[in-house]
1. If you go through region 60-78 one residue at a time, do you hit one that is open to solvent by 80 Å² or more (accessible area, probe 1.4 Å) and in contact with a strand residue (DSSP E or B) (Cβ under 8 Å, 6 or more places away or on another chain)?
2. Which condition breaks for residue 101 when tested against (1) open to solvent by 50 Å² or more (accessible area, probe 1.4 Å); (2) assigned to a loop (DSSP other than H, G, I, E, B)?
3. Please pick out the residue among 182, 151, 165 that is within 18 Å of residue 64 (Cβ to Cβ) and hydrophobic (A, V, I, L, M, F, W, C).
4. State yes or no: is residue 135 under 32 Å from the mean Cα position of the chain (by Cα), without any contact (Cβ under 8 Å) to a residue 12 or more places away in the chain and open to solvent by 30 Å² or more (accessible area, probe 1.4 Å)?
5. So, in region 112-127, how many residues would count as being assigned to a helix (DSSP H, G or I) and either buried (at least 18 other Cβ atoms within 10 Å of the Cβ) or under 10 Å from the mean Cα position of the chain (by Cα) (or both)?
6. Can you find a residue in region 165-179 that is free of Cβ contacts under 8 Å to residues at least 40 places away in the same chain, open to solvent by 80 Å² or more (accessible area, probe 1.4 Å) and over 25 Å from residue 80 (Cβ atoms)?
7. Can you name the residue in region 82-92 that is open to solvent by 70 Å² or more (accessible area, probe 1.4 Å) and not in a loop (DSSP other than H, G, I, E, B) and, of all such residues, is modelled with the lowest pLDDT?
8. All but one of (1) on the phi < 0 side of the Ramachandran plot; (2) over 25 Å from the mean Cα position of the chain (by Cα) hold for residue 47; which doesn't?
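The values are calculated or read from the model by the stated rules, or taken from the named source; none is laboratory data. Being a predicted model, the structure only gives us computed values, none of them experimental. Cβ sites come from the backbone with ideal geometry, for glycine too, and all protein chains shown count toward neighbours. These area figures cover heavy atoms from the full protein model, side chains too; ligands, DNA and RNA do not enter into them. Shrake-Rupley method; radii C 1.70, N 1.55, O 1.52, S 1.80 Å.
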Amino acid sequence: MGVTEAVTPYDKPDQPPSESPSAATAAGAAPAPEPAFSPSDIRDGAAIALVTGVAGVLLGLLWVWLAPRVQFVSNGEAVFLRDTESEARIGADGTFLLLSVGFGVLSALGVFLWRRGGGAAQVIGLAVGSVFATLVGWRVGLWLGPTSDLAAAARKAGKGVPFEAPLELLAHGALLGWPMAAVVVHLALTALWGTRDPAPELAMWPSAYYQAPVDSADSPAPSPSVYPDPSGTEPPRP
């Protein structure tokens with residue numbers, strides 16, 4: 001019984017060495033995708049969030065200054081509303097909401113004028129900063145407003161003397177006024193007047209069908225017309 005020797009392929013000296021599949025795959029591999037946010041985008045978003053959040057202090061100051069006041073009165077034993085039909089408590093919520101929307105529009109306009117190109121990092125920074133600014137304005141208003149200790153305020157004012165009630169935000173949905181207005185206005189400004197990337201050029205692909213030109217020498221001669229020429233003479237009849 002014969003033994004068959006295994007034949008191994010070898011490279012010919014007159015041919016270049018073949019590349020391994022791993023080397024070919026590495027050479028033709030696609031480049032790594034770019035990160036979603038560049039370092040400059042992250043810096044811009046952080047700066048927007050920081051500046052917008054600090055602006056919440058101004059919201060609190062304006063709320064304390066412009067919000068209508070609710071007055072209480074004490075009879076020595078209990079505290080009552082001086083005007084039971086007053087809408088000042090609702091007016092405080094409305095004032096906070098209007099101020100928040102105004103600050104949202106201004107912050108969105110400022111961000112758009114600073115960076116017209118837009119971007120997800122700017123929108124995220126604006127949204128986060130607006131939420132933080134609203135919370136800061138709310139707490140600053142409560143801190144700078146009248147005291148929340150009604151008993152101490154009543155004793156200080158005296159019996160039958162009206163005193164101001166603490167500043168409260170009854171409708172907590174007003175806290176969303178600044179972030180919603182900022183994001184919506186910024187997106188609208190970017191869509192209308194933002195810088196746009198140039199449109200890519202369309203590639204001209206050749207047609208899949210090719211028609212060879214017709215040579216006049218090889219083209220067949222036109223066949224004579226089967227209809228008589230109206231300008232010619234009629235042939236004699238037999």
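1. Of all residues in region 60-78, those open to solvent by 80 Å² or more (accessible area, probe 1.4 Å) come to 61, 65-66, 69, 77.
Subset that is in contact with a strand residue (DSSP E or B) (Cβ under 8 Å, 6 or more places away or on another chain): 69.
The answer is yes; a qualifying residue exists.
2. It fails just one condition, (2).
3. On the way: 182 fails: within 18 Å of residue 64 (Cβ to Cβ); 151 fails: within 18 Å of residue 64 (Cβ to Cβ).
Criteria check complete, one pass: 165.
4. Details: under 32 Å from the mean Cα position of the chain (by Cα): yes; without any contact (Cβ under 8 Å) to a residue 12 or more places away in the chain: no; open to solvent by 30 Å² or more (accessible area, probe 1.4 Å): yes.
Judged against the criteria, residue 135 is not a match.
5. Step one: filter region 112-127 for residues assigned to a helix (DSSP H, G or I), giving 112-114, 120-127.
Restricting the remaining residues to those that are either buried (at least 18 other Cβ atoms within 10 Å of the Cβ) or under 10 Å from the mean Cα position of the chain (by Cα) (or both) gives 112, 120-127.
Qualifying residue count for the region: 9.
6. Yes: region 165-179 contains one or more residues that are free of Cβ contacts under 8 Å to residues at least 40 places away in the same chain, open to solvent by 80 Å² or more (accessible area, probe 1.4 Å) and over 25 Å from residue 80 (Cβ atoms).
7. In the first step, residues of region 82-92 are kept if they are open to solvent by 70 Å² or more (accessible area, probe 1.4 Å); the result is 82-85, 87, 89-90.
Narrowing further to those that are not in a loop (DSSP other than H, G, I, E, B): 89-90.
Details: 89: 82, 90: 90.
The qualifying residue modelled with the lowest pLDDT is 89.
8. Tallying (1) on the phi < 0 side of the Ramachandran plot; (2) over 25 Å from the mean Cα position of the chain (by Cα), residue 47 fails exactly one: (2).
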